[in-house]
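**Student:** Please find one structure pasted underneath; my questions will follow.
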Amino acid sequence: MTGAVCPGSFDPVTKGHLDVITRAAAQFDEVIVTVMINKSKRGLFTVDERIEMIGEATAHLENVRISSWHGLLVDYAKQEGHTAIVKGLRGANDFDYELQMAQMNQKLSGVDTLFIPANPRWSFLSSSLVKEVATFGGDVEDMVPDCVYSRLLTRIAERQAE
């Protein structure tokens, strides 16, 4: 069985993420979408909420499962018996950063990183940008899955009321 880990913060998952996940799912028997936990950051959504939203958005992909991990991603990939990490690339800046990470991961564990170039339709998207635009009232409805949109607006309103 071939498998890959597709990591990210997914705070929240966007249609760009879904494009990469869907394309990876077409190449591997199993793709584990892994919400990476960074305890030093306060996300807009909890890890459990992100897992739930990704699960809803990928429910049509039978070979995708959702998990979370705190620590070295390559340790998780090895634990799961997978030899590949899949990352989406939006542009040259992503590549410069991700190449170093990929080389380090390969050196540490022998796990390879495969890059999927972003669909140009979504290449400008990032979770951070979506959150910022939504916070200031911009329309991001077509940038996130339907199951995320109302939750995003609700959470932003809650934060602004604090």
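**Student:** Identify all residues within the stretch 35-58 that are within 21 Å of residue 80 (Cβ to Cβ) and either under 9 Å from the mean Cα position of the chain (by Cα) or surrounded by fewer than 21 Cβ atoms within 10 Å (Cβ to Cβ) (or both); write none if there are none.
**Tutor:** Across the stretch 35-58, the qualifying residues are 35, 36, 37, 38, 47, 48, 51, 52, 54, 55.
**Student:** Residues that are exposed (fewer than 15 other Cβ atoms within 10 Å of the Cβ), within 21 Å of residue 149 (Cα to Cα) and among the acidic types (Asp, Glu): does the stretch 94-101 have at least one?
**Tutor:** no
**Student:** Also, I was wondering about something else. Restricted to the stretch 14-34, and to residues that are among the aliphatic types (A, V, I, L, M) and out of contact with any helix residue (DSSP H, G or I) (no Cβ under 7 Å at 6 or more places or on another chain), which residue is surrounded by the fewest Cβ atoms within 10 Å (Cβ to Cβ)?
**Tutor:** Going through the stretch 14-34, the residues among the aliphatic types (A, V, I, L, M) turn out to be 18, 20-21, 24-26, 31-33.
Next cut, out of contact with any helix residue (DSSP H, G or I) (no Cβ under 7 Å at 6 or more places or on another chain) only: 20-21, 24-26.
Working: 20: 25, 21: 25, 24: 23, 25: 21, 26: 10.
The extreme case among them is 26.
**Student:** How many residues are under 14 Å from residue 4 (Cα atoms) and among the basic types (Lys, Arg) if we restrict to the stretch 23-76?
**Tutor:** The total comes to 2.
**Student:** Please indicate, with yes or no, whether at least one residue in the stretch 103-117 is in a helix (DSSP H, G or I) and among the hydrophobic types (A, V, I, L, M, F, W, C).
**Tutor:** Checked against the condition, which is being in a helix (DSSP H, G or I) and among the hydrophobic types (A, V, I, L, M, F, W, C), the stretch 103-117 yields at least one hit.
**Student:** Something else: Please verify whether residue 40 is touching a residue at least 12 places away in the same chain (Cβ under 8 Å), of a type in the set (Ser, Thr, Tyr) and under 30 Å from residue 157 (Cβ atoms), treating the condition exactly as stated.
**Tutor:** No, not satisfied.
**Student:** So which of 123, 68, 40 is closer than 16 Å to residue 13 by Cβ and either part of a strand (DSSP E or B) or polar (S, T, N, Q) (or both)?
**Tutor:** 68
**Student:** If only one of 105, 93, 63 is under 13 Å from residue 21 (Cα atoms) and not basic (Lys, Arg), which one is it?
**Tutor:** One residue alone meets the criteria, 63.
**Student:** In the stretch 1-37, what residues are out of contact with any Lys or Arg (no Cβ under 6 Å at 6 or more places or on another chain) and in a strand (DSSP E or B)?
**Tutor:** 3, 4, 5, 6, 7, 8, 30, 31, 33, 34, 36
**Student:** Okay, moving on. Search the stretch 6-31 for residues that are of a type in the set (A, V, I, L, M, F, W, C) and pair each with any residue that is at pLDDT below 95 and assigned to a loop (DSSP other than H, G, I, E, B) when their beta-carbon atoms are under 7 Å apart and the residues are at least 6 apart or on different chains.
**Tutor:** What qualifies is 28/2.
**Student:** Return the residues of the stretch 142-162 that are without any contact (Cβ under 8 Å) to a residue 40 or more places away in the chain and either within 19 Å of residue 55 (Cα to Cα) or not charged (D, E, K, R) (or both); say none if nothing qualifies.
**Tutor:** The answer is 146, 149, 150, 153, 154, 157, 160, 161.
The values are calculated or read from the model by the stated rules, or taken from the named source; none is laboratory data. Fair warning: this is a prediction, and the values are worked out from it, not measured in the lab. FYI the Cβ positions are ideal-geometry reconstructions off the backbone, even for glycines, and counts take in every protein chain you see.
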